[in-house]
Amino acid sequence: MHVTVVDHPIVAAKLTALRDVRTDTPSFRRLADDLVTLLAYEATKSVPVEAVEIETPITTMTGVRLTNPPPLVVPVLRAGVGMLDGLTRLLPDAEVGFAGLARDEATAQPFWYADRLPEDAAGRSVFVLDPMLATGGTLVAVVEALLTRGAETVTCVCLLAAPEGIERVRAAFPDDRVSLVVAAVDEQLNEKAYIVPGLGDAGDRLFGSAPTTP
Ligand code: URA
């Protein structure tokens, strides 16, 4: 797995504001949206294109367009939904699938409660959106499902990652079909599997703390 930590002063400044406990939900959403678009610039740099002949007002030339099938964007419910607009702004033709997973408290393993992914993802460039790469269990399950369905490449776009999560995803997918683009790698997970220093519960900060029942 190839990991890119985006090193850019605007990314760092927006991420600092996002982490700040005083940042309210409307500002948090806006910052997350901006950050995803900045990360998306890096995450989409290998998206496949093909040559196309066009006419400018002056002459003809060969340019490029994205190939078919279009990229597939997969936000992981719930917090990944807060990253969707930021990514599709750069890929307006992308199709969108959804992955809903929750943690089984008895086994500590993620289980699926919503699988809205195409049965056949052959040849697709896929972008998985999950703001927090914590233990990595959810991301491993989602990436595995996409590769099993034939995805050509899977790029995970995260705002923050813990070293433990990165190692788990790397161990599961050592080859270069899978990559990760992230704004920062934090210190560690705490005993409740929150990223430290992190930004708290990304879903709650994006959407409020209304309880969810998968
Ligand atoms: N999910 C979150 O929302 N925050 C964390 O710190 C870890 C997982």
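The values are calculated or read from the model by the stated rules, or taken from the named source; none is laboratory data. Since this is a predicted model, take the numbers as computed values, not measurements. Cβ: placed from backbone, ideal geometry, glycine included. Neighbour counts: every protein chain shown. Side chains are part of the model used for accessible areas, which takes the heavy atoms of the whole protein and leaves out ligands, DNA and RNA. Shrake-Rupley method; radii C 1.70, N 1.55, O 1.52, S 1.80 Å.
A few remarks follow.
- Of all DSSP beta bridges in the chain, antiparallel share, percent nearest 5: 35
- The Cα trace of the stretch 1-50 gives Rg and Dmax of 13.1, 46 Å, the first to one decimal, the second as a whole number.
- Rg(Cα)/(2.2 N^0.38 Å) for the chain, N = residue count: 1.04
- Spin-label zone in the stretch 129-143 - amide nitrogen under 14 Å from a point set 7 Å from the Cα of residue 89 along the C-beta vector: none
- Positive-end ranking of 13, 86, 68 along the dipole of the chain, with charges on Cβ about the Cα centre, is headed by 13.
- For residue 121, the amide hydrogen comes within under 5 Å of the amide hydrogens of 150, 151, counting only partners 5 or more places away or on other chains and with H modelled in the peptide plane.
- Projecting label points 7 angstrom from Cα along Cα→Cβ for residue 81 and residue 2 puts them 3.3 nm apart.
- Sorted largest first by accessible area at a 1.4 angstrom probe radius, with every protein chain in place, the residues 111, 98 fall in the order 111, 98.
- Per residue, the accessible area of the stretch 152-208 comes to 44 Å² when a 1.4 Å probe rolls over the protein heavy atoms.
- Shown are 166, 10, 58, whose ranking by accessible area with a 1.4 Å probe and every protein chain present, most to least, is 58, 10, 166.
- Computed on protein heavy atoms with a 1.4 Å probe, the accessible areas place 8, 2 in the order 2, 8, largest first.
- ³J(HN,Hα) computed for each position of the stretch 45-59 - Karplus, 6.51 cos²θ - 1.76 cosθ + 1.60, integer Hz, glycine/proline x: 5, 10, 5, x, 10, 10, 6, 9, 7, 10, 10, 8, x, 9, 7
- Spin-label zone in the stretch 71-115 - amide nitrogen under 14 Å from a point set 7 Å from the Cα of residue 37 along the C-beta vector: 83-92
- Extension gain, residue 12-residue 27: 0.36 nm per intervening residue step, less the Cα-Cα distance, totals 3.8 nm.
- For the stretch 13-22, 3J(HN,Hα) computed residue by residue from phi via the Karplus equation (6.51, -1.76, 1.60; θ = phi - 60°) reads 5, 5, 5, 4, 5, 5, 6, 4, 5, 7 Hz, glycine and proline entered as x.
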